[in-house]
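Contents: one structure, followed by commentary.
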Amino acid sequence: MAELPAKEGTALSPVRQIGFHLAVEGGGVVVVANVRQLMDHHVFDGGFGIGHQVEGEAETVFAGAAAEKNNVTYSAEVRTMGNVTDYDRPFKVEIDKEMSTGIQGVHFDTNLDTLKIKAGKSNAYVRITFYRTPDLLDSTLTVVLHLIENEHFNARIDEYKKTNQWNSSSENLDGTRYTFKFNEQYSEPTYWSWFGEGFLGPWTPQKYIVVNSVMGWTVNDWSQAGQAGAKVSYGRLGFAAKAVRNYLQEQADNDTPVKDKDGSYMQLADGYMVDYSRYE
């Protein structure tokens, strides 16, 4: 959704225009991103990040976040054009269900029933919380916010160019919608394929998360594997396999066996096998 900078004191029609700005909140850390900026990867609050953001769209990735990080909250800042008022002005935002693949109450939550621009203000915030669900390992989900006109505001910036140069041939974007994309997708580290499989068995995203959780390793640790001082090294893989085996065995003994991507019980390489015989 296009950002509309506040222009207090500007005479417009009785119905003011309204638009979006984006803020990202995580554990007290706020990263503000103008929707006309192109952002590189930003990491905040122990691993959450905006993978890539362009006008009208933002992506958040849970990959690499600490195991206890189960959600992240975004705040879309709504800004108005026109004079401020001495009374509260409700505004309307809906989830575009046709364009969204995320399910409210499962993948995200938000309260859109009490939105208002407060008296004396030209902005407000729409908060939306995204949850770290298992299906994010295999797919990227979307949530699309849609500004709707009401008796206080119009939302007529339904198209704008993907550039500040209006004579540019750049594509036009829908200024009344903002798309959030979110996922938790990983790729097999080279060091795992070279050395890890002999200890930890074949790589899967689910096993990768378990290993990192047990060992306190991160995606970045794997990217630096084998280097001087790295947490992940050949000499530590045997210790890691034993630690993960002990964790998996404990879960199995407590009737909560951990399953892998294909639904089978999670297993490691020969020499570090978990005993699932009680389930046969």
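Here, each number is a calculation from the coordinates, and none is a lab measurement. What you see is a predicted model; the values in this text were computed from it and never measured. Every residue, glycine among them, receives a Cβ derived from its backbone with ideal geometry; neighbour counts consider all protein chains shown.
How much length, in nm to one decimal, is gained on full extension between Ala67 and Asp138, taken as 0.36 nm per residue of separation minus their Cα-Cα distance?
Extra length available between Ala67 and Asp138 comes to 23.8 nm.
Of Lys207/Lys231; Lys231/Lys259; Lys97/Lys207; Lys69/Lys118, which ones are farther than 29 Å apart at the Cα?
Lys97/Lys207; Lys69/Lys118
Given the C-alpha atoms of the stretch 190-279, compute the convex hull and give its volume per residue in Å³.
Here the figure is 85 Å³ per residue.
Please compute the contact order of the stretch 190-279 in relative form: average sequence separation of alpha-carbon pairs under 8 Å and at least six residues apart, divided by the residue count, as a percent.
Rounded, it is 35 percent for the stretch 190-279.
Please give me the summed charge of the neighbours of Lys118: other residues whose Cβ is under 10 Å from its Cβ, Lys and Arg +1, Asp and Glu -1.
In short, +2.
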